[in-house]
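The next block holds one structure in the form of C-alpha cells; read it before the comments.
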Amino acid sequence: MTYIKVLIVDNSAVVRQVLTANLSQDPGIKVIAAVADPMFAMVRMNIEWPDVIVLDVEMPRMDGITFLKKLMAERPTPVVICSALTEKGTEITMQALAAGALSIVTKPKTGIKQFLQDEPETLIAAVKAAARANLRGPSATVPVQAKLTADAILPAAFQEMAVTTDRIVAIGTSTGGTQALEVVLTALPRVCPGIIIVQHMPEKFTAAFATRLNDLCRIEVREAVNGDRVLPGRALIAQGGRHMLLKRSGAQYYVEVVDGPLVSRHRPSVDVLFRSVAVCAGKNALGIIMTGMGDDGAKGLKEMYDMGADTLGQDKDSCVVYGMPKEALKLGAVDRELPLGLIANEIVLYGGR
C-alpha cells in the first residue's frame with residue numbers, strides 16, 4: 001500500500017505522542033519518526049526521507065526557521081507548521097511561511113493534548129494537502145467530505161446591480177497561497193483596483209500575514225475589519241475564523257465581516273466571498289482563484305462568471321497544489337488560466353480598461 005511518510009519535529013513529548021496518534025488514525029499516513037528537534041530530524045532523514053514534515057518553530061539547539069531554510073535550500077520538502085497561538089509564535093510562523101512552509105496547524109498554550117485529540121481531521125487534511133504539493137509531485141486523491149455551501153451565509157445573485165465605474169478584484173487561495181499572494185501583491189503599483197482576499201489561514205495569523213505584506217508592498221495591505229472600504233491601492237485580507245462579504249452602498253464598496261458555519265469546509269470561505277462579489281459587483285469585478293487543495297471558490301467563481309465578471313485561474317505549472325483552480329475550470333468558471341508571474345500584470349490591465 002502506498003502511504004504518506006511523515007516526520008514529526010516538536011520538542012514536546014506530549015505533542016509528539018498526540019500528533020503521532022492522530023495521524024496514525026488514517027491508513028494512508030505513516031509516521032516514520034517523531035523527534036525532539038531538527039538535529040535529531042536530520043539524523044533520521046539520512047535513514048529515510050519523509051514525504052511531509054510536521055514542524056514546530058520554537059525549539060532548542062536549532063530553531064524551526066533555520067531548519068526550514070536549510071531544508072528548502074538543499075532538498076525542498078513539504079512542511080506543515082504546528083505552531084502555538086502566541087504573539088511570538090505568530091511572528092515566527094509568518095517567517096516560516098515566507099521560507100516555504102505550506103500551511104499552519106495551531107496549538108494552544110494550555111490544554112494541548114485535549115485540543116489536538118479533538119481536532120485530528122485538521123492535521124490529517126493539512127498533511128494530505130502538503131503531500132500533493134508540486135514540491136514533490138502527485139499523490140493519491142483525497143476524498144472530499146460533505147460540506148455546506150455559500151447558501152449558509154447569503155443567497156445567490158438573481159440579477160445584476162446597476163453599473164458603476166468602480167472595479168474590484170477578488171482573490172481566493174489556500175495551500176501555497178501565502179507565497180503566491182506575496183508574488184502578486186508585491187508586483188502591484190500603488191495605483192491599482194481595490195482587492196479583497198480570502199487566504200485559508202487560522203485565526204490570529206491573518207493579521208500578522210497582512211502586516212508582513214504591507215511592509216513589503218507598495219499598496220496598502222491590512223486585515224479586514226467590518227465596514228472597511230474597498231479602495232484603489234488597498235488590499236483587504238479576510239480574518240481567520242470569520243467570513244468576509246463584499247457589500248455596496250451606492251457606488252461605494254465595503255466589506256462585512258461575519259461569523260457563521262464552515263462553508264466548503266472553510267471559514268473564511270472563498271465561495272462566500274465570490275458569491276457576495278457576484279451579488280454586489282456583477283461584471284465590475286475580476287475574480288482570481290489560485291493555488292489550493294479542494295474546491296472552495298469554484299462554485300462562487302462560476303457565479304461571478306455567470307454575472308459577467310472576468311475570471312482567472314492560476315495555471316497548473318505554477319500552483320503548489322492545482323486543486324481549487326482545476327475544480328473552477330471543470331465548472332466552466334475560468335475565462336483563462338495564467339502563470340503566477342503574470343497575474344499582477346493582469347490586475348493592472350484590468351484596472352486600466
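Odds and ends about this structure:
- The condition of being modelled with pLDDT of 95 or more, surrounded by fewer than 20 Cβ atoms within 10 Å (Cβ to Cβ) and not basic (Lys, Arg) holds for only one of Val191, Val221, Val184, Val225, that being Val225.
- Annotation: Thr93 fulfils all but one of (1) at pLDDT 85 or above; (2) among the β-branched types (Val, Ile, Thr); (3) surrounded by 22 or more Cβ atoms within 10 Å (Cβ to Cβ); the unmet one is (1).
- Of the residues in segment 294-308, at least one is of a type in the set (Gly, Ala, Ser) and either farther than 21 Å from Met244 by Cα or outside the structural domain of Leu188 (by TED's automatic domain parsing) (or both).
- Single condition Val257 does not satisfy, out of (1) of a type in the set (Val, Ile, Thr); (2) touching a strand residue (DSSP E or B) at 6+ places or on another chain (Cβ under 6 Å); (3) assigned to a helix (DSSP H, G or I): (3)
- When Ser269 is tested against (1) more than 18 Å from Thr122 (Cα to Cα); (2) under 15 Å from the mean Cα position of the chain (by Cα); (3) at pLDDT 95 or above, exactly one condition is not met: (1).
- Considering segment 11-90, the qualifying helices (runs of 4 or more DSSP H), each wholly inside and each with 2 or more residues that are more than 18 Å from Leu123 (Cβ to Cβ), run over 38-47, 64-74.
- Options Arg44, Arg75: the member that is farther than 30 Å from Ala207 by Cβ, out of contact with any strand residue (DSSP E or B) (no Cβ under 7 Å at 6 or more places or on another chain) and touching a residue at least 12 places away in the same chain (Cβ under 8 Å): Arg75
- Pairs where the first residue, in segment 118-144, is among the small types (Gly, Ala, Ser) and in a loop (DSSP other than H, G, I, E, B) and the second is surrounded by fewer than 19 Cβ atoms within 10 Å (Cβ to Cβ) and modelled with pLDDT of 50 or more, C-beta under 7 Å, 6+ apart: Ala140/Thr2; Ala140/Gly28
The values are calculated or read from the model by the stated rules, or taken from the named source; none is laboratory data. Computed from a predicted model, the values in this text were never measured in an experiment. When we count neighbours, we look across all protein chains shown, and the Cβ atoms used for this are built from the backbone with ideal geometry, even at glycine.
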